[in-house]
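The values are calculated or read from the model by the stated rules, or taken from the named source; none is laboratory data. Model, not experiment: these values are computed from the prediction. Neighbour counts run over all protein chains shown; Cβ positions are idealised from the backbone, glycine included.
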Amino acid sequence: MSFIQSLRDGVSRLMNKRSVMDDMSWMDGYVNSPSATGVQINQYSALQVAAVMVCVRMLATDFAKATPGIYKESDGSKSQVAKTHPLYTLFHEPNDWMSWPDFAAMVQVGLILRGNAYIVIVRNLAGDPLYFVPINPDRVALYQAADGGLFYMVTRSGLHEIAVLSGMPSLIPARDIIHLKGMSSNGLLGISPIATAREAVGLALAQEQQAARWMGNAAKPSGILTTDQKLTPDAAERAKTNWKQAQEGLMNSGKTAVLEAGLKWQALSMTSADLEFILSRRFQTEEIARMFRIPIPMIAEVQSSGRIDPHVLAQSYVNYTLSEYAMIWGAALDKKFGLWRENLKVRFDYSQLLEADLAARINMHRQAVLGGLETANEGRSGIGLDPSDDPGAEKLLFPSNSAPFGSDHSGNAPEGAGRPPAQGGKADQPGANQG
């Protein structure tokens, strides 16, 4: 094949690539989604809503606390840490400039807000992964070739990102991208939560802006000025201007007003519309919590007569919210690196998120030591104490009323206790002729 023909074929393949975003009407305004309030919703405007900021921060930082590990699954024995796998190192040092918590939290922000998160895999000449580069999802476009191949166009931002991705092509093949997807309508891209729920976020943002304007400009009067005298237009305008200069704005709040021309101050009580506005703001907070699957008591006051157990709440949060993200991460890493073929599995450690109070933790470890589930030193470590030098602290204890499975030993009684002696006056032993 001639050079010209090869060039034409390459151009033809490139021209046949098209953005997946062109095929999906719900992706209109992906980066900026206009809401009915007139507020443009994107990653940064959404985070201006306090409820969104709290939810995103919780989901990102809490997931970053659940450190991942890669394990070799073995039938009938304890799983072993796969220290020779490249992911073992990358879970501790994903790249040269970020720790794992920093890296995981950044990736999570994109997944939470946009339903998509992208990690570029930079490999060595042998094809082994060297480090991970997280990319803001707003700067990634997914393209598909005529043969069904998937490519990702990453718009580089900043000298550092340009440098670390200098060896990557403009259209990065799917094999070098870890694509974390949330709920999807086509299997190729996740649905953006803040784009589809833009009205809920937009309404909350508009309410915050409106409340801020009321506070800053006193747009909603707390009272009126009245007089029995007839004021000329000039006098009325002068009184209005003087009152505005003396009382309007946050800096003038609480100042003493001096009234003239028989003017009297009449305070206005809170109307039903004011109360509805306050309740509406509270409802929007709860609506956003539901959108991100955050238990409402974790971010807002709940009017309830019953006491909510914080440990039950934390367990529910892990089970129904964080576990979803762990599933997404685990499945994406499994598929990208073919872990199941090597009988490997990624697990996330939630112990930091589920720690009980000290008294409950002491009691838990005490029962585990007495039940033979952990050694005394393991129990001491679990509550933050240094290990004991006593050799017995490294041995498992067994309850006096239990015995190994399949044994005739029963508690403290000797072997064969409770059975009639066998021939020869010896206690009956397993496998002896019972005659």
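Return yes or no: is Leu373 surrounded by 10 or more Cβ atoms within 10 Å (Cβ to Cβ), modelled with pLDDT under 80 and part of a loop (DSSP other than H, G, I, E, B)?
no
Within the stretch 136-153, can one find any residue that is in contact with a helix residue (DSSP H, G or I) (Cβ under 6 Å, 6 or more places away or on another chain), closer than 16 Å to Trp329 by Cβ, hydrophobic (A, V, I, L, M, F, W, C) and touching a residue at least 24 places away in the same chain (Cβ under 8 Å)?
Looking through the stretch 136-153, none of the residues is in contact with a helix residue (DSSP H, G or I) (Cβ under 6 Å, 6 or more places away or on another chain), closer than 16 Å to Trp329 by Cβ, hydrophobic (A, V, I, L, M, F, W, C) and touching a residue at least 24 places away in the same chain (Cβ under 8 Å).
Any residue at all in the stretch 173-185 that's part of a strand (DSSP E or B), buried (at least 20 other Cβ atoms within 10 Å of the Cβ) and small (Gly, Ala, Ser)?
no
Within the stretch 165-184, restricting attention to residues that are of a type in the set (D, E, K, R) and in contact with a strand residue (DSSP E or B) (Cβ under 6 Å, 6 or more places away or on another chain), which residue is farthest from Gly148 (Cα to Cα)?
Ranking the qualifying residues of the stretch 165-184, first place goes to Lys181.
When you check Ala200 against the structure, is it modelled with pLDDT of 70 or more and either outside any helix (DSSP H, G or I) or in contact with an Asp or Glu (Cβ under 7 Å, 6 or more places away or on another chain) (or both), yes or no?
yes
Could you list, ordered by first residue, the pairs with Cβ atoms under 7 Å in which the first is in the stretch 82-101 and over 15 Å from Leu339 (Cα atoms) and without any contact (Cβ under 8 Å) to a residue 40 or more places away in the chain and the second is exposed (fewer than 15 other Cβ atoms within 10 Å of the Cβ) and not basic (Lys, Arg), at least 6 apart or interchain?
Trp100/His92
For the stretch 29-49, which residues satisfy the criterion of being closer than 10 Å to Leu203 by Cα and either acidic (Asp, Glu) or surrounded by fewer than 14 Cβ atoms within 10 Å (Cβ to Cβ) (or both)?
Answer for the stretch 29-49, where residues must be closer than 10 Å to Leu203 by Cα and either acidic (Asp, Glu) or surrounded by fewer than 14 Cβ atoms within 10 Å (Cβ to Cβ) (or both): Ala36, Gly38.
Looking at the stretch 345-366 only, could you name the residues that are assigned to a helix (DSSP H, G or I) and loosely packed, with under 13 Cβ neighbours inside 10 Å?
Leu358, Ala359, Ala360, Asn363
Just checking, does the stretch 88-96 include any residue being among the aliphatic types (A, V, I, L, M) and modelled with pLDDT under 95?
The answer is no, given that none of the residues of the stretch 88-96 is among the aliphatic types (A, V, I, L, M) and modelled with pLDDT under 95.
Please tell me if Phe132 is within 25 Å of Asn343 (Cα to Cα), aromatic (Phe, Trp, Tyr), in contact (Cβ under 8 Å) with a residue 24 or more places away in the chain and in contact with a Phe, Trp or Tyr (Cβ under 8 Å, 6 or more places away or on another chain).
yes
For the condition exposed (fewer than 15 other Cβ atoms within 10 Å of the Cβ), outside any loop (DSSP other than H, G, I, E, B) and hydrophobic (A, V, I, L, M, F, W, C), what is the one hit in Trp340, Trp329?
That would be Trp340, the only listed residue that is exposed (fewer than 15 other Cβ atoms within 10 Å of the Cβ), outside any loop (DSSP other than H, G, I, E, B) and hydrophobic (A, V, I, L, M, F, W, C).
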